[in-house]
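Student: Next up is a structure, given as structure tokens.
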Amino acid sequence: MPATTLLTATSIRHLARRHGFAPSQALGQNFVIDPNTIRRIVRLAAIGPADRVLEIGAGVGALTVGLAAEAASVIAVEVDGRVLAALHEVVDPLGNVEVVAGDAMALDLAALLGGVPHRLVANLPYNIATPLIAGVLERVPAVTDLVVMVQREVGERLVAGPGSKAYGAISVLTAYHCARSLLGRVPPTVFWPAPSVDSVLIRLTRRPPPVEVDPADLMATVHAAFGQRRKTIRNSLSSVLGWPTEPVEAALAAAGIDPGARAETLGLEAFARLTTALRANPPVGPGQP
């Protein structure tokens, strides 16, 4: 990236003192205070001069500065009113950053982007990372790819495959929408305050779904299958859906799935077959996924 004056640990703490705030545990704030980590994120994201970037959880703008140096424009979303003055002080002189004050979980991100393709690059607050990513994948198609820093356990779930202890419903959702990769670990020492866990950088890149099934139907099946994770898939589906055992077993047989298997052993293709089979032969009455 070009020679850019990035924020340092000293400058970030100085901003915090002048503006009278500290990182909020309630908001899941852990500010990146290491310029080399900012350079690493921007390099791995491969931001180019034509890219428009969405950043969520901008904080005081440490990553924003690095992104703005490479991108055509950056939309920086920040919920914490205490840090907004510091954020504006840092990014307003850059000329290509729009600060949006608001809760990313409540904002209409699709409307904010206006259908224009954007890349999501962010140090996501720990407490919203999973639901935020799920919401973006399901409802904000203008976000073409994501390079995000998240808690290690969260990142491992987002990119996990079947059979892994980390594999769950969010793993199936990301596999449906994206090509996925783990870009590397990030130590606690680059944050203020230092979290008690490691973080990871992950990349999720949209591509056409590899299975032909309605995503809402698919995820209804997936959530039912994982609803009682310690049970067999037959028992979990029957219990969560409120279906008799017979139609559940029939659907599993039609999908070629062992009724004694557990949800974490099934890949995306198996869940797609199961969704189709469940929809084809539902029992009479309520309880469909």
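The values are calculated or read from the model by the stated rules, or taken from the named source; none is laboratory data. All values derive from a computational prediction rather than experimental measurement. When we count neighbours, we look across all protein chains shown, and the Cβ atoms used for this are built from the backbone with ideal geometry, even at glycine. With ligands, DNA and RNA removed, areas are computed over all heavy atoms of the protein, side chains included. Shrake-Rupley method; radii C 1.70, N 1.55, O 1.52, S 1.80 Å.
Student: All but one of (1) open to solvent by less than 30 Å² (accessible area, probe 1.4 Å); (2) at positive phi; (3) free of Cβ contacts under 8 Å to residues at least 24 places away in the same chain hold for residue 28, so report the exception by its number.
Tutor: Against the list (1) open to solvent by less than 30 Å² (accessible area, probe 1.4 Å); (2) at positive phi; (3) free of Cβ contacts under 8 Å to residues at least 24 places away in the same chain, residue 28 comes up short only on (3).
Student: Can you name the condition, by its number, that residue 107 falls short on among (1) at pLDDT 95 or above; (2) more than 20 Å from the chain's Cα centre (by Cα); (3) surrounded by fewer than 18 Cβ atoms within 10 Å (Cβ to Cβ)?
Tutor: All conditions pass for residue 107, except number (2).
Student: Can you spot a residue in segment 232-255 that is free of Cβ contacts under 8 Å to residues at least 24 places away in the same chain, under 26 Å from residue 147 (Cα atoms) and not basic (Lys, Arg)?
Tutor: Within segment 232-255, not a single residue is free of Cβ contacts under 8 Å to residues at least 24 places away in the same chain, under 26 Å from residue 147 (Cα atoms) and not basic (Lys, Arg).
Student: Within segment 24-46, is there a residue that is among the hydrophobic types (A, V, I, L, M, F, W, C) and farther than 18 Å from residue 148 by Cα?
Tutor: yes
Student: With in contact (Cβ under 8 Å) with a residue 60 or more places away in the chain and under 18 Å from the mean Cα position of the chain (by Cα) as the only criterion, which of 56, 33 stands out?
Tutor: After ruling out the rest, the residue left standing is 56.
Student: Among the residues of segment 14-30, write down those that are more than 28 Å from the chain's Cα centre (by Cα) and either among the basic types (Lys, Arg) or outside any helix (DSSP H, G or I) (or both).
Tutor: If the condition is that a residue be more than 28 Å from the chain's Cα centre (by Cα) and either among the basic types (Lys, Arg) or outside any helix (DSSP H, G or I) (or both), then 17, 18, 20 are the ones that fit.
Student: For segment 138-148, indicate whether the set of residues that are over 21 Å from residue 37 (Cα atoms), out of contact with any strand residue (DSSP E or B) (no Cβ under 9 Å at 6 or more places or on another chain) and either in contact (Cβ under 8 Å) with a residue 60 or more places away in the chain or open to solvent by less than 10 Å² (accessible area, probe 1.4 Å) (or both) is non-empty.
Tutor: Checking segment 138-148: at least one residue is over 21 Å from residue 37 (Cα atoms), out of contact with any strand residue (DSSP E or B) (no Cβ under 9 Å at 6 or more places or on another chain) and either in contact (Cβ under 8 Å) with a residue 60 or more places away in the chain or open to solvent by less than 10 Å² (accessible area, probe 1.4 Å) (or both).
Student: Going through 169, 194 one at a time, which residue ends up being in contact with a His (Cβ under 9 Å, 6 or more places away or on another chain) and either within 23 Å of residue 144 (Cα to Cα) or touching a residue at least 24 places away in the same chain (Cβ under 8 Å) (or both)?
Tutor: Just a single option satisfies the conditions, and that option is 169.
Student: Would you please name the residue that is farthest from residue 18 (Cα to Cα), looking only at residues in segment 71-92 that are over 25 Å from the mean Cα position of the chain (by Cα) and open to solvent by less than 30 Å² (accessible area, probe 1.4 Å)?
Tutor: Only one residue tops the list, namely 90.
Student: Being under 22 Å from residue 125 (Cβ atoms) and surrounded by 12 or more Cβ atoms within 10 Å (Cβ to Cβ) is the filter here; which residues of segment 9-24 pass it?
Tutor: Once the filter is applied, which keeps residues that are under 22 Å from residue 125 (Cβ atoms) and surrounded by 12 or more Cβ atoms within 10 Å (Cβ to Cβ), segment 9-24 yields 9, 11, 12, 13, 15, 16, 19, 21, 22, 23, 24.
Student: A further question on this structure: Could you grab me the full set of residues in segment 37-49 that are closer than 30 Å to residue 131 by Cβ and open to solvent by 20 Å² or more (accessible area, probe 1.4 Å)?
Tutor: 39, 40, 43, 44, 46
Student: State whether one or more residues within segment 159-179 are under 30 Å from residue 9 (Cα atoms), more than 19 Å from the chain's Cα centre (by Cα) and not aromatic (Phe, Trp, Tyr).
Tutor: no
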